[in-house]
1. Could you tell me the distance between the Cα centroids of region 8-29 and region 39-102, to the nearest Å?
2. For the residue pair residue 82 and residue 115, what label-to-label distance in nm results when each label sits 7 Å from Cα along the Cα-to-beta-carbon direction?
3. Sorted by mean Cβ packing within 10 Å, highest first, what order do the peptides 5-11, 107-113 take?
4. In Å, what Kirkwood hydrodynamic radius results for region 4-147 from the alpha-carbon pair distances?
5. What is the angle, in °, between the Cα long axis of helix 48-58 and the longest principal axis of the Cα atoms in the chain? Nearest 10 is fine, range 0 to 90.
6. Applying a 10 Å radius around every beta-carbon, put 93-104, 22-33 in order of their mean neighbour count, most first.
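FYI, it's all coordinate maths here, none of it is from the lab. Quick caveat, the model's predicted, so the values are computed rather than measured. Cβ: placed from backbone, ideal geometry, glycine included. Neighbour counts: every protein chain shown.
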Ligand code: ADP
C-alpha cells in the first residue's frame, strides 16, 4: 500500500523548521502532501495561492512532495487523499499539549489515521511563522528563517 502522509498547517509562510520536518520525514513515506488549510481563523499575510507557489518552488526537485490547499476538516482531506498518516512537528511542551488534543480528536474521527510527530531540529525550534511575518511586515531580512526559494520569492 502506498504510504501517503499529509503535513497540514497554515505555512504563512513556510519556514526552515517546516522544511526540516519534510526532509527528515521523506524516507518514511512514498508521498508527502503539504496541505495548506484554508479555514484557519488566523489573519493571513500571504495568500493561499502565493503560499502554494512558494512551497512548490521549494520542493521542485522532490517528486515525492506535493502541495495542495484544502477546506474543511483535515481528516476529510486525509480520507479524500487516501492518506493514513498525519505529519506534525513538535517544538515545545505547549506544542505537545495542543497537538495531543488534535491527534486524539482526529483519531476519534478517523481511527485508521496515525499522527506521526517529529521533534524540531534544535537550531530551528525558535522559528515560528508568526515571528517571520512580523519581520517581513517590518521589512526585516527573513533569509535566516525560511528556505531560499521563499526568501527569493
Ligand atoms: P498550524 O496553524 O497548524 O499550527 P503551522 O504552519 O504553524 O500550522 O505549523 C504546521 C506544523 O509545523 C505544526 O505541526 C507545527 O508544530 C510545525 N512547526 C511549526 N514551526 C516549526 C518549526 N520551527 N520546526 C518544526 N516544526 C514546526
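1. Here the answer is 9 Å between Cα centres.
2. 2.6
3. Details: 5-11: 22.4, 107-113: 12.9.
Listed from highest to lowest mean packing, they are 5-11, 107-113.
4. Numbers: mean 1/r = 0.0642 Å⁻¹.
One over the average 1/r among Cα pairs gives 15.6 Å for region 4-147.
5. 90
6. Working: 93-104: 12.4, 22-33: 16.8.
In descending order of packing, they fall as 22-33, 93-104.
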